[in-house]
1. Note down the nm distance, to one decimal, between modelled labels 7 Å out along Cα→Cβ at Ser147 and at Arg119.
2. Using the Karplus equation 6.51 cos²θ - 1.76 cosθ + 1.60 (θ = phi - 60°), what ³J(HN,Hα) coupling, rounded to whole Hz, does each residue of the stretch 135-141 give in order, writing x for Gly and Pro?
3. Rounded to the nearest 500 deg cm²/dmol, what is the calculated helix-only ellipticity per residue at 222 nm for the chain, with -39500 (n - 2.57) per DSSP H run of length n ≥ 4?
4. Would you kindly compute the Cα radius of gyration of the stretch 12-76 and its largest Cα-Cα separation (Dmax), both in Å?
5. Within the set of other residues whose C-beta is less than 10 Å from the C-beta of Asp82, count the net charge using Lys and Arg as +1 and Asp and Glu as -1.
6. For the pair His170/Thr66, report the inter-label distance in nm, with labels modelled 7 Å from Cα in the Cβ direction.
7. Tell me which of Tyr97, Leu122, Thr164 sits at the most positive position along the dipole axis of the stretch 2-179, charges placed on C-beta atoms (Lys, Arg +1; Asp, Glu -1).
8. Of Lys100/Lys139; Lys43/Lys177; Lys43/Lys139; Lys72/Lys139; Lys100/Lys177; Lys33/Lys135, which sit over 29 Å apart, Cα to Cα?
Amino acid sequence: MRAFFLIGLQGSGKGVQGTLLTQIGFKQLVASKALESAPTDVKDEITSLVSAGQLVPDEITVRALTEYLEDKTTPSDDIVLDGYMRTPGQTDAMLTYLEKMGYDITVFVLVLPDEIAVRRALLRNRADDTPEKLKVRFKGYYDHIGSVLATVVRRGYSVHTVDTSGYPEHIFQSICKIARL
C-alpha cells in the first residue's frame, strides 16, 4: 500500500496529478472534500475559515481526513492525498496514522512560479479563488511549508520536488519515475 502526498500552492496541479494517478489505480483523497464531509458540529466553522482563505485547525482537519479515509478507502488501497499536510501538526498526525495503517509514504512538493499558480487557480472559476483570498492562502502556504517539510524529513521521509510549470503528462511522467511506477 502506497500513500502519496501532493503538496503545493493552489493552482500547482495537485488535483490534475491526483486524477492522473487514479488512472493507474490510486484512490484520490482531496482535503477540501474531506472537510466538506466533516461532521455537522464543525461544518460552519470550516466553511467560515475556508471562505476567508484561512487554515482549518489541525484537530478538525485531521479528524475530518482520517474519517474520510476510513469511509472512502480499504486497507489495501493505494492513495494519493491532494492538498494535505499544511501544518507540522497535521503532518505528524497523518504520518503517524498512515504508518500505523502500514502505508509506504512518498511526499511530492509541486512547485511553480506564483504568477502561474495564480493564473491557473483563477481559471478554475471557484468562488473562493479570488486574488485576495489566493494571496492569503499563498502566505499561509509559505509560512508553514518549511516546517511541514522539516517534519517530513525528521520523520525519515524524502521530499521530492517536482516542477509543475509544464504539461500535465510530462509532470505525471516525472512523478511516476520518482515513485518507480
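Any read-out appearing in this document is the output of simple, stated calculations on the displayed coordinates, not a laboratory observation. Since the structure is predicted, the reported quantities are computational estimates derived from the model, not experimental observations. Using ideal geometry, Cβ is built from the backbone for each residue, glycine included, and neighbour counts are taken over all protein chains shown.
1. 3.3
2. For the stretch 135-141, the Karplus curve yields 4, 5, 5, 4, 4, x, 4 Hz.
3. Working: 8 runs with 102 residues, N = 181.
When only DSSP H runs of four or more count, the value is -18000 deg cm²/dmol.
4. Cα radius of gyration and Dmax of the stretch 12-76 are 13.0, 37 Å respectively.
5. Details: positive: Lys14, Lys33; negative: none.
The answer is +2.
6. Distance between label points: 4.1 nm.
7. Of the candidates, Thr164 comes out farthest on the positive side.
8. Working: Lys100/Lys139 32 Å; Lys43/Lys177 39 Å; Lys43/Lys139 24 Å; Lys72/Lys139 31 Å; Lys100/Lys177 27 Å; Lys33/Lys135 22 Å.
Table pairs above 29 Å Cα-Cα are Lys100/Lys139; Lys43/Lys177; Lys72/Lys139.
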